[in-house]
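This report refers to the structure that appears directly beneath it.
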Amino acid sequence: MSASNSPKELAQKFFTDTVSTYDSVAKYATLGQDKKWKSYIIKKIRGDSILDLACGTGILTRMIAQKFPKSKIFGIDISQNYLDVAIKNSNFSNVSFLNQDAEKLSLEKKFDSIVSSYIPKYCDAKTLIQKCVIHLNKDGRIILHDFAYPKSKLVQKFWHALFAMLQICGKFIPSWSFAFANLPGLVKSSDWIEQYRAELKSAGFELETKYFAFGCSCVITAILKQ
């Protein structure tokens, strides 16, 4: 990770000019696993009101809308450019998109499920969980997904080889060169799983942690019990 940039500052640089190619990169850079991870998130969703934090171009939001056609779904993102694409690609009457920063979330609504894919490593765990709790119904759940640095030495070699390949690809997709160069350091240095688990436990949640792709991806499901 660049020493001069915070995770949130890196996120802003990662997603400045990448909106037109984001969906394809999410699919191919994860070797097709992105859809599998998002499908698992959907299996964990419960309730009639769902909030998708940092929804980006709306990949997960649309999958949720297809699975829960009678639920009210909101997608928020800090980037209006990404939201414009999400709105353009969505034809679901039960979905609304709003331009908001997840760490400054302010909606006059509560939700049965709050989900997000790829946001944890960019945010302060305490701040984000506090905002989620304020917007969560009783017995609601928070489902968070992101990359993880694998513990297996063998898988680490594959992980580094994949990012080396992506960095080569960045030479042909200039808008992604900065992200491909700096994302490995961010993921490797992040302890988001431990931080979010600690904050969620402290807030009274029961937790389930599921790893995918030999430890390269993780989903935390947190159910509020009061």
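The values are calculated or read from the model by the stated rules, or taken from the named source; none is laboratory data. Only a predicted model underlies this, so the values are computations on that prediction, with no experimental measurement involved. Here the Cβ is made from the backbone with ideal geometry for all residues, glycine too, and neighbour counts use every protein chain on show.
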Legend entry - Residues (within 21 Å of S24 (Cα to Cα) and free of Cβ contacts under 8 Å to residues at least 40 places away in the same chain) located in segment 181-203: A181, P184
Inset, instruction - Please specify each residue of segment 194-226 satisfying the condition of being crowded, with 18+ Cβ neighbours inside 10 Å and either on the phi > 0 side of the Ramachandran plot or hydroxyl-bearing (S, T, Y) (or both). - result: Y196, A213, S217, T221
Inset, instruction - Being within 25 Å of A29 (Cβ to Cβ), assigned to a helix (DSSP H, G or I) and modelled with pLDDT of 95 or more narrows it down to one of I129, I143, I168, so name that one. - result: I168
Inset, instruction - Report whether or not D112 is crowded, with 17+ Cβ neighbours inside 10 Å, of a type outside the set (A, V, I, L, M, F, W, C), at pLDDT 95 or above and farther than 26 Å from N5 by Cα. - result: yes
Inset, instruction - Kindly list the number of the only condition in (1) among the acidic types (D, E); (2) surrounded by fewer than 21 Cβ atoms within 10 Å (Cβ to Cβ); (3) touching a Gly at 6+ places or on another chain (Cβ under 8 Å) that fails for D77. - result: (2)
Legend entry - segment 44-70, subset without any contact (Cβ under 8 Å) to a residue 40 or more places away in the chain and among the polar types (S, T, N, Q), residue nearest to C132 (Cα to Cα): T61
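Only residues that are part of a strand (DSSP E or B) and modelled with pLDDT under 95: list them for segment 171-226, please. If you could, list the steps in order and put the result at the bottom.
We begin by selecting, within segment 171-226, every residue part of a strand (DSSP E or B); these are 205-212, 217-224.
The one that is part of a strand (DSSP E or B) and modelled with pLDDT under 95: L224.
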Legend entry - Number of the condition not met by Q167 [criteria: (1) in contact with a strand residue (DSSP E or B) (Cβ under 8 Å, 6 or more places away or on another chain); (2) under 23 Å from L10 (Cα atoms)]: (1)
